[in-house]
Amino acid sequence: MTSWIEIGALDDIPRLGSRVVRTPSGNIAVFRTESDEVFALDDRCPHKGGPLSQGIVHNKRVTCPLHNFVIELANGQAVAPDEGCTHTHPAKVENGVVWLSVRQAAAVS
Amino acid sequence: MLDKVTKQKLVVIGNGMAGIRTVEALLERAPDLYDITVFGSEPYGNYNRILLSPVLAGEKTVDDIMLNTVDWYEDNNITLRKGETISMIDRRTCEVVTDAGDRVPYDRLLIATGSNPIMLPLPGKELPGVIGFRDIYDVDRMIKASTNYRNAVVIGGGLLGLEAANGLMKRGMNVTVVHLLDTLMERQLDPVAGGLLRKSLEERGMVFKMPAQTQAILGEDRVTGVRFGDGTELAADLVVMAVGIRPNFELAKKAGLYCERGIVVSDTMQTYDGRIYAVGECVQHRRQTYGLVAPLFDQAKVCANHLAMKGFATYDGSVTSTKLKVTGIDLFSAGDFAPGPDKEEIVLQDANRGVYKRIILKDKKIVGAVLYGDTIDGPWYFQHLRDGTDVSHMRERLVFGAANLGDGGVNGQNSVAAMSDETEICGCNGVCKGAIVKAISEKKLFTLDDVRAHTKASSSCGSCTGLVEQVLAFTLGGDYSAAPKVKPLCKCTDHSHDDVRRVIVEQQLKTIPAVMRFMEWKTLNGCHSCRPALNYYLLATWPGEYRDDQQSRFINERVHANIQKDGTYSVVPRMWGGVTTPSELRAIADVAEKFNIPTVKVTGGQRIDLLGVKKEDLPAVWADLNDAGMVSGHAYAKGLRTVKTCVGSEWCRFGTQDSTGLGVKLEKFMWGSWTPAKVKLGVSGCPRNCAEATCKDVGVVCVDSGYEIHFAGAAGLHIKGTEFLTKVETEDETLEVIVALTQLYREEGWYLERMYKWCDRVGLEQIRKRVVDDIANRKALFARFAHSQQFAQTDPWAERASRGVDRNEFAPLAELELA
Ligand SMILES: Cc1cc2nc3c(=O)[nH]c(=O)nc-3n(C[C@H](O)[C@H](O)[C@H](O)COP(=O)(O)OP(=O)(O)OC[C@H]3O[C@@H](n4cnc5c(N)ncnc54)[C@H](O)[C@@H]3O)c2cc1C
Ligand code: SF4
Ligand code: SF4
Ligand code: FES
């Protein structure tokens, strides 16, 4: 079951940028693309845990600020040749408000 | 000689685009059939009239647009009589008569006299400064006017008027476009696209007065203004009339040839007198006249066939499409787009991307298309329009274009791949994709110029250059990139750093999306390599004008601190020349304690580094440091970092000059500037070189008699001693040379290219010549640096700590208790 939590206004996230949502089990990075889609991922790069929220966003990807892994926002996969995957969370925009549904890491694994 | 006598004589009146295209086609089909003489009023060979607009805009020269030079006529045994006008055709004796009274006989005659600009019959229209826009002579006069006068009025908001206005604006004039109707280019555009066009031209500085009717042109010895129907007046030193063209058929009419709105011709391009042909804008064919080259070139082919006595081709009229040649504006229109009860339309409007597309359907077929902002699919729609394809099966996705119907890729390559072989790529010359692909593979072509030479594609108006390049890339596949070529900036583009920098300047591109659009980037928003590079190039090119794009900055430059491996940041306050005070040190100590900063360390550049600061604490840390008088040390920047100094003559027993003072002076002048890569300076007070100046990007070694300036050193991944640049006598000169050097690097360096690599690439002597030997150039460089510093020297910390800039950046969006 998905339970949606309102986390703020779309306008508070810069286009081609990201903001962080704090949770007890770690930060979640919420990204906004140029066309106002939002994606949520754990704020941890699969490489060495770099904060993806601080990276440069391009199309539907983000480049990790530490060593330039490129991560697909939609599924958290690192773009080849790099390997690894970051946990994603459902996110959506309705009437300019961003909603997040936090998936427990435990529930998935 | 004998040969010559037996040959038939072909005389051509009009040395323009249609006439010469006919001659070229004739030579291809029957090289030796005629003895050809061409008369042209203009004192040139044949040139590409379409490209007068870029000549006016300063993007091309007259030499660039020559199609057939005088040599070409000689090589092909054609007698060119340039600068001579035909004033009469004597059909009885089969002769033409020049304005000097010379009579020249013909067996066949080709009339290709083009058209004349319509000059509105207004009072004052004869005044000097009132001109049309048709030939090199007009362009010369406009360019001259732009250097002597300020205000231009262009009457007519059609294709030609807007291209004239754009060119004059680029030449620095204040331009007002006066248009009778309330939509620009109403013959090609619907009101929405017209509105978008107007908006983007207004953003570039063009002024519009519309709807407005011009009533009189004012002035005594030269035009001084224009009066409108509503009584208002506008100052003008130059008035360009671009309200339309009138086919030039007086000569034919006087000779008794049947004319209506043009010289009436048959499907074989013959006039009522079978020996006399006519092509081009002066012609009326099946009630139509044409004002674009594509149909004229179709006519030329047919006419050449008939002249070559291979009379099987006939001309049945053309459907035309249009592109506006204003650099940076993408506009395409074709067919009929007036709304009607039996028509359906599909509209896509994306205000964010500045894209508008309207496709008009009738009986399941495309009958018209207007595209603005994204014209890549123009040829594809045009193809379906001309073929009358039943598009009902793809109606849903039609508006997204060929790529979407193919394999859904976002970049142009796929859309080229998806085009059928019959899709026309070059509208001017009627070259389809198949012909280009064939030429590339059969003739082993590798470059755009080859393709131009072999197929003529992209050789007229140039609007299809991008498409032709994509066809090249797609056809050659791996080979295309393997062809010798400069290194592209990154995977998102084939253009090199130098190309990008040059085009930004030439085309006055002022935003990242504008660069990407104009240079046909292959990805939607670029990537982490090209975006920061473009951001830097725009910033360095348009100081004060370009708005820094934070989202295109690497995180360190976005938050003005250095990211560390655990996601915390390090903060380095500026210490001018490495000199500090007890109170600054106290403030640093206080900050470290207050925010529990785990590590405090001295850096290699004589600064103090506070490591392990949490992102959300950054603004408060900065506020405290600001209060103690300290500002950002830019330890994170592709910009001026530190100036390392020794104590020099102030304290040291060997010191020859005040190295500390000079270092502080340099740092105060240069801090805040962005550069292609980091720049570190060092100033040593004597050749013992305690400040290690000779492994810095720029180093000064003081000596008794002055200052030795060195540069292009490095002590990082590579270790390299500096090169000696020059020696000067005063501190002021030292500053001037170093600043000029840095500015040259700012203007020419590739993003992330350190100064020593730049020096390797362009050469020490080249650099020395421009910053040392050429004193005027040095001063100009210095002035440009100083100008850009006005906008660069604001402390980013203070802006964020107390002025709330980017407040969002530092706080979390939300905190969730339960997850
Ligand atoms: C600024 C500008 C931009 C344009 N942009 C485009 C565009 O983007 N796309 C497009 O398709 N079209 C464009 N056109 C239109 C295109 O240039 C014309 O359609 C084309 O040049 C017409 O060819 P033509 O041979 O009929 O006439 P011209 O090229 O005008 O040639 C006629 C020649 O005949 C000469 N002549 C006339 N009378 C005599 C005489 N009695 N004796 C001797 N010589 C004579 C004239 O001096 C002239 O040189 C543009 C035109 C201009 C002016
Ligand atoms: S470089 Fe020369 S002047 Fe400077 S500290 Fe060393 S010895 Fe003294
Ligand atoms: S030398 Fe290497 S490890 Fe040390 S600070 Fe520089 S980059 Fe980091
Ligand atoms: S931690 Fe993300 S690339 Fe290394």
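The values are calculated or read from the model by the stated rules, or taken from the named source; none is laboratory data. Everything numeric here is computed off the predicted structure, so don't read it as measured data. Methodologically, a virtual Cβ is constructed for each residue, glycine included, from the backbone with ideal geometry; neighbour enumeration extends over all protein chains shown. Protein only, heavy atoms only, side chains kept; ligands, DNA and RNA dropped before computing areas. Shrake-Rupley method; radii C 1.70, N 1.55, O 1.52, S 1.80 Å.
Roughly how many nanometres apart are two label points built 7 Å out from the Cα toward the Cβ at B:Glu186 and B:Glu616? Each label point is offset 7 Å from its Cα along the Cβ direction, giving 6.1 nm.
Dipole of the range B:515-564 computed with +1 at Lys/Arg Cβ and -1 at Asp/Glu Cβ about the Cα centre; of B:Thr541, B:Asn556, B:Thr523, farthest Cα towards the positive end is B:Thr523. The GluC sites (Glu not before Pro) of the range B:663-709 that meet both conditions, a loop assignment by DSSP and at most 16 other Cβ atoms within 10 Å of the site Cβ, are B:Glu692.
Our summary gives the range B:130-243 a relative contact order of 34 percent, counting only alpha carbon pairs under 8 angstrom and 6 or more residues apart. Using every pair of alpha-carbon atoms in the range B:225-372, split the distances into 10 Å bins beginning at 0 and state the percent of pairs per bin, rounded to integers. Computed distribution, short to long bins: 10, 25, 24, 26, 13, 2, 0.
Each residue, A:Val97 and B:Asp498, gets one label point 7 Å from its Cα in the Cβ direction; the gap between the two is 5.7 nm. With 27 Å as the limit on Cα-Cα distance, the pairs of B:Lys357/B:Lys510; B:Lys522/B:Lys696; B:Lys9/B:Lys82; B:Lys456/B:Lys491; B:Lys665/B:Lys769 that go past it are B:Lys522/B:Lys696; B:Lys456/B:Lys491. For chain A, the list of chymotrypsin sites (Phe, Trp or Tyr not before Pro) that fall in a loop by DSSP and count at most 15 other C-beta atoms within 10 angstrom reads A:Trp4. Take the Cα of B:Leu127, go 7 Å toward its beta carbon, and the backbone nitrogen atoms of the range B:237-264 under 20 Å from that spot belong to B:237-243.
Note that the protein assembly as shown, at 25 °C in a medium of 0.890 mPa s, gets a Stokes-Einstein diffusion coefficient of 76 µm²/s from its Kirkwood radius over C-alpha pairs.
Once you reduce the range B:309-366 and the range B:774-790 to the center of their Cα atoms, the two points are 49 Å from each other.
Computed on the Cα atoms alone, the convex hull of the range B:595-744 gives a volume of 129 cubic angstrom per residue.
Hey, for a label at A:Ala74 modelled as a point 7 Å past Cα toward Cβ, could you say which residues of the range A:39-60 have their backbone N under 19 Å away? Under cut-off, by backbone N: A:39-42, A:57-60. The spacing between the range B:11-35 and the range B:744-760, judged by their C-alpha centroids, is 52 Å. Of the residues in the range A:58-78, those shielded by at least 30 Å² of accessible area once partner protein chains are present, compared with the chain alone at a 1.4 Å probe, are A:His58, A:Asn59, A:Pro65, A:Leu66. Choose one of B:Thr734, B:Cys259, B:Phe654: the residue whose Cα lies farthest towards the positive end of the charge dipole of the protein assembly as shown (beta-carbon charges +1 Lys, Arg; -1 Asp, Glu; about the Cα centre). Toward the positive end, the furthest listed residue is B:Phe654. The chymotrypsin sites (Phe, Trp or Tyr not before Pro) of the range B:112-196 include none that DSSP puts in a loop with a beta carbon having at most 12 other beta carbons within 10 Å. For chain B, the longest principal axis of the Cα atoms and the long axis of helix B:136-148 meet at an angle of about 40 degrees. With respect to chain B, whose longest principal axis is taken over its alpha-carbon atoms, helix B:775-792 is tilted by about 70°. Once the Kirkwood radius over Cα pairs is known for the range B:1-113, the Stokes-Einstein relation at 4 °C and 1.567 mPa s delivers a diffusion coefficient of 87 µm²/s. Using a Gaussian network model on chain A with a 10 Å cutoff between Cα atoms, which of A:Ala80, A:Ala91, A:Ala29 fluctuates the most? Maximum among the listed residues: A:Ala80. Among A:Cys45, A:Cys85, A:Cys64, which one moves the most in a GNM of chain A with springs linking Cα atoms closer than 10 Å? For chain A, modelled as a Gaussian network with Cα springs under 10 Å, the answer is A:Cys85. The separation of the range B:79-95 from the range B:198-267, counted between C-alpha centres, amounts to 30 Å. Rg and Dmax, both from the Cα atoms of the range B:130-243 and both in Å, are 13.3, 42. With all pairs of different C-alpha atoms in the average, the Kirkwood value for the hydrodynamic radius of the range B:556-632 is 12.4 Å. Cβ screening of chain A for cysteine pairs under 4.7 Å finds these without a partner: A:Cys85. Classify chain B from the C-alpha gyration tensor, please: rounded if a/c falls under 1.5, else prolate or oblate depending on whether a/b exceeds b/c. Prolate is the answer for chain B, as a/c is 1.5 or above and a/b outweighs b/c. Across the range B:497-553, Cα-Cα pairs more than 13 Å apart make up 53 percent of the total.
Within the range B:230-273, whose backbone N sits under 20 Å from a point 7 Å along Cα→Cβ of B:Glu95? Output list for this probe position: B:251-257. Near B:Thr580: Cβ cut-off under 11 Å, other residues only, Lys/Arg at +1 and Asp/Glu at -1. The net charge is +2. The magnitude of the dipole of the range B:1-144, with charges of +1 and -1 set on the Cβ of Lys/Arg and Asp/Glu and taken from the Cα centre, is near 480 debye. Rounded to the nearest 20 debye, the dipole size of the range B:497-553 about its Cα centre is 140 debye, using +1 on the Cβ of Lys and Arg and -1 on the Cβ of Asp and Glu. Note down the net charge around B:Tyr34, summing +1 for each Lys or Arg and -1 for each Asp or Glu among other residues with Cβ under 9 Å from its Cβ. Around B:Tyr34, the surrounding residues sum to 0. Over chain A, the fraction of Cα-Cα pairs per 5 Å bin, rounded to whole percents and listed from the shortest bin up, is 2, 14, 26, 26, 18, 11, 3, 0. In this simple spin-label approximation, B:Thr79 and B:Asn777 carry label points 7 Å from Cα along the Cα→Cβ vector, and these lie 5.2 nm apart.
Between helix B:465-476 and chain B there is an angle of about 80 degrees, using the helix long axis and the longest principal axis of the Cα atoms. Report summary: the helix-based calculation at 222 nm, which adds -39500 (n - 2.57) for every DSSP H run with n ≥ 4 and divides by the residues of chain B, gives -9500 deg cm²/dmol. Estimated at 0.36 nm per residue, the fully extended path between B:Arg807 and B:Lys144 surpasses their Cα-Cα distance by 233.5 nm.
Electrostatic bookkeeping for B:Asp590 treats Lys and Arg as +1 and Asp and Glu as -1; over the other residues with beta carbon under 15 Å from its beta carbon, the sum is -3.
Legend: calculated FRET efficiency, B:Val319 to B:Lys9, from the Cβ-Cβ distance at R0 = 51 Å, rounded to 0.05, equals 0.90. The charge dipole of the range B:268-365, taken about its Cα centre with unit charges on the Cβ atoms of Lys, Arg (+1), Asp and Glu (-1) only, comes to about 160 debye.
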